[in-house]
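Scroll down for the structure; my scribbles are underneath it.
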Amino acid sequence: MKIREGQVASRPICMALAVTAEGHRDILGLWAGGEGGEGAEQWLRVLTELKNRGVEDVLMLVCDGLKGLPDAVGEVWPKTVVQTCVVHLLRASFRYAGRQDWDKITKALKPVHTAPTEDAATSRFLEFCEAWGRKYPAIVRLWEPSDLGVEL
């Protein structure tokens, strides 16, 4: 976003959105990023501020895959599960695939992230690994649950 501080500069805007167990959504805040851009240190300050404002526990945090963010979350709320947003995970997958395969990979991953149960998702993921794992092992590593141990 363009912000005027003497002169106009582009700054990232970080947003924290909460969804309660009852499904109520609430924007907890918006923060303008520093000149260095968005980073784990900035998120650690934001998360600490939220904790100081009364957020006692976070069950799950969904983010864009920023390196260092899971560690920052763990410092503030050690039991929080950190998950990469599916849209960001798909976009990250395309970095490792040839453009000619993007549509096929999208169709092959859709049953994984739309599966109704964890068992169904695991089964669809193993099918994806069988079809695409040899050609694109980096995509498998992005999506692989740490305890699944897929052999390529």
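What to note about this one:
- Calculated [222 nm] ellipticity per residue, helices only, for the chain: -12500 deg cm²/dmol; basis is -39500 (n - 2.57) per DSSP H run with n ≥ 4, divided by all residues, nearest 500.
- Partner lysines whose Cα lies under 28 Å from the Cα of residue 79, excluding those fewer than 8 positions away in the same chain, are identified as 51, 67.
- Ascending count of other beta-carbon atoms within 10 Å, so fewest first, for 136, 96: 96, 136
- Our coupling estimate for the range 63-73, obtained by passing each phi through the Karplus curve with A = 6.51, B = -1.76, C = 1.60 and θ = phi - 60°, is 9, 8, x, 4, 4, x, 5, x, 5, 5, 4 Hz, Gly and Pro reported as x.
- Percent of alpha-carbon pairs separated by more than 19 Å within the chain: 63
- Cα long-axis angle, helix 40-52 against the chain (0 to 90 degrees, to the nearest 10): 60
- In terms of its alpha-carbon gyration tensor, the range 86-143 comes out prolate; a/c meets the 1.5 threshold, and the first ratio a/b outweighs b/c.
None of the figures in this text is laboratory data; all of them are computed from the coordinates on show. Since the structure is predicted, the reported quantities are computational estimates derived from the model, not experimental observations. All Cβ positions, even for glycine, are placed from backbone atoms using ideal geometry, and neighbour counts span all protein chains on display.
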